[in-house]
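Engineer: Before we start, here is the structure in question, set down as C-alpha cells.
Rule-based calculations on the coordinates, nothing more; no lab input. Since the structure is predicted, the reported quantities are computational estimates derived from the model, not experimental observations. Note that each Cβ is placed from the backbone with ideal geometry, even for glycine, and that neighbours are counted across all protein chains shown.
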Ligand code: CMC
C-alpha cells in the first residue's frame, strides 16, 4: 500500500492526496494546491530549513534524539577508536572501507599531492600580516580553481577523483601556512615520510630541526578530532557546498563557499566563542551568575545546544575523553575545571533540560586545541580540514544525483508593488 497524506484546502473545500515516500512529501506536490486555477501554488515557508529535506543521501546518518552519528553506517565511536582520518575519508568518499591495496594507494595518492604550486605560496604571502587564517584558507582554496581549470569538468569521474585527492591532500598545507603567516614564520614544506596528521603538525610547528617529530599521543588525538568532524550531513557549510555546487561550478569554488559558512560563530566558530566565554567566567564561583544571565536571555551558553542533537552530542563524549590524553602530554588546561562545572550545573538546570540543550562538539574541542598552542583563530581551520572529506563526499553525491537541480528557494514577497518611479530632480525638489 502506498502511503499518502490527505490535505483539505479549507479555502476551496477541495481534497488532495499527497504521496508519502521515505517519511517525506514532495514540496512540489503541495504546489499543486491552489486557491484558484490562476493563483500561485501553496508554498512551504521554512527559514533555516528546519524541516525541509534538500536531498537523498547515503553518507551520514544522525539520530539527534538518541545521540547517534554514523558515517556510511559505521558508528562514530568505533571509527574514532579504531580507524584513521584518511581511512574515514576513503569511507566517506567511496562508500565502503578500503582493502589493504586500496588503502595504501589512497594514502600514497594523498601524500604525494600535499605540495602546492609555488605561486600559491606567493599569493598567501601577500595577505596582511594579521589576516585571519580562515579567511586565508577560504581564499586559497578558491584560488586552487585557477590552478586546476580542468576541475570544472565535473561530469568526468576520473577528474572528480583527482580534485578530491588534491583537495584533501592540500588542505593541511594551506591551513598550516595560514597559521605560519600570522606568526611571521617561514612556510614549512610537506614531509612525505610522515602520516597525514603528523605532517600537518610538522608544517605548523617545525623550526630549525631537520625533522619534526610530534608526540604520538598528540598525533592520535588530532587525527581523532579530524574523524569526529569529517561529516555531519546537511549542516550549514555542507548545505553551502551543495547549494553552490548545484550550479555545476568546480569543487574548489564550492568548498570555498563551505569554508565561508563554517567561518561563522554559530557554526564552526563556536569553539572559539566557548573559550572566550570560559575566560570571561574566570572561576567556578562566577558560574551561577553567568547561568542566570543565560536564562534571562542576556547570554548564550556557547558549546551547548544543537539543531539536530536533542541529546548529548556523541562527538562531545569522545572529545571529553581525548582531553585526558592530550592533557597528559601538555598539562591540564585550567579552563577545563570551569567547563566541567558549567556542564554539571547546566545539565541539572531546568532551563537547559526543558530545551534539551546538551554539550555539542565545540564545548571541549577548544580546550584541546588550546593545549596544542593553537590560537583561537585556528580552531575553525582545524574544523575545515576535518570536514573536507565530508564536503567532498556530499558534493560527489550531488553530482551523480539525477533528482538534484540548481538550488533556488522560493520567497514570500512582503514588499511594495507597482510603485511609479519619480526622477531624482522631482523627489529632491
Ligand atoms: N544557550 C542558551 N539558550 C539556548 C542555547 C544556548 N547555547 N541554544 C539554544 N537555546 C535556547 C533558545 O534561546 C531557544 O529558547 P526559547 O525556545 O525559549 O526561545 C531554544 O533553546 C531553541 O533554540 P534555537 O536557537 O531555536 O535552536 P537552533 O536549532 O536554531 O540553534 C544552535 C542551534 C546550535 C545555533 C544554538 O543552540 C546555539 O546558538 N548554540 C550555541 C552556539 C554553538 O555552540 N554552536 C555550535 C553548534 S555544533 C557545531 C556545528 O555543527 O557547527
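Engineer: Summing -39500 (n - 2.57) over the DSSP H runs of n ≥ 4 in the chain and dividing by its residue number, what mean residue ellipticity at 222 nm do you reach, to the nearest 500 deg cm²/dmol?
Structural biologist: When only DSSP H runs of four or more count, the value is -16000 deg cm²/dmol.
Engineer: Describe numerically, in nm with one decimal, the distance between label points set 7 Å from Cα along Cα→Cβ at residue 46 and at residue 63.
Structural biologist: 2.2
Engineer: Relative to 2.2 N^0.38 Å, what does the C-alpha radius of gyration of the stretch 1-44 come to as a ratio? Two decimals please.
Structural biologist: Details: Rg = 10.9 Å, N = 44, 2.2 N^0.38 = 9.3 Å.
Normalised by 2.2 N^0.38 Å, the Cα Rg of the stretch 1-44 equals 1.18.
Engineer: Taking Cα pairs under 8 Å and at least six residues apart, what relative contact order does the chain come out at, in percent?
Structural biologist: On the way: 563 pairs, mean separation 83.4, N = 429.
Relative contact order here is 19 percent.
Engineer: At 7 Å along the Cα-to-beta-carbon direction for both residue 324 and residue 208, put a label point, then send me their distance in nm to one decimal.
Structural biologist: Label at residue 324, label at residue 208, 4.0 nm between them.
Engineer: Further, regarding this structure: Treating the angle as unsigned and between 0 and 90°, give the value, to the nearest 10°, between the Cα long axis of helix 100-111 and the longest Cα principal axis of the chain.
Structural biologist: 80
Engineer: Against the longest principal axis of the chain, how steep is helix 314-330, in degrees 0 to 90 to the nearest 10, with axes from Cα atoms?
Structural biologist: Tilt relative to the chain: about 20 degrees.
Engineer: Still on this structure: If I take every Cα pair under 8 Å that is 6 or more residues apart in the stretch 1-44, average their sequence separation and divide by the length, what percent do I get for the relative contact order?
Structural biologist: 27
Engineer: If you consider only alpha-carbon coordinates, what radius of gyration and Dmax does the stretch 300-427 have, in Å?
Structural biologist: 23.0, 75
Engineer: Quickly work out the residue 353-to-residue 429 label distance, labels modelled 7 Å from Cα along the C-beta direction, and quote it in nm with one decimal.
Structural biologist: 7.1
Engineer: Let me ask something additional. So for each of 368-376, 310-318 I average, over its residues, the number of other beta carbons within 10 Å; can you give me the resulting order with the highest mean first?
Structural biologist: Those peptides, ordered most packed to least, come out 310-318, 368-376.
Engineer: Which FRET efficiency, nearest 0.05, do residue 402 and residue 345 yield, Cβ-Cβ r, R0 35 Å?
Structural biologist: 0.10
Engineer: So what's the convex hull volume per residue for the Cα atoms of the stretch 58-399, in Å³?
Structural biologist: Given the Cα convex hull of the stretch 58-399, per-residue volume reads 133 Å³.
Engineer: To continue, here is another question. Calculate, in whole percent, how much of the Cα-Cα pair population of the stretch 1-142 lies beyond 27 Å.
Structural biologist: 58
Engineer: Which length gain, in nm to one decimal place, applies between residue 421 and residue 97 when the Cα-Cα distance is subtracted from 0.36 nm times their residue separation?
Structural biologist: The residue 421-residue 97 span can extend by a further 110.3 nm.
Engineer: Further question: Report, to the nearest 10°, how far helix 379-399 tilts away from the longest principal axis of the Cα atoms in the chain, using its own Cα long axis and a range of 0 to 90°.
Structural biologist: That works out to roughly 50 degrees.
Engineer: Pairs of alpha-carbon atoms within less than 8 angstrom and 6+ residues apart define the contacts here; what relative contact order does the stretch 96-198 have, in percent? Walk me through the numbers on the way to the answer.
Structural biologist: Details: 71 pairs, mean separation 42.5, N = 103.
For the stretch 96-198, the relative contact order is 41 percent.
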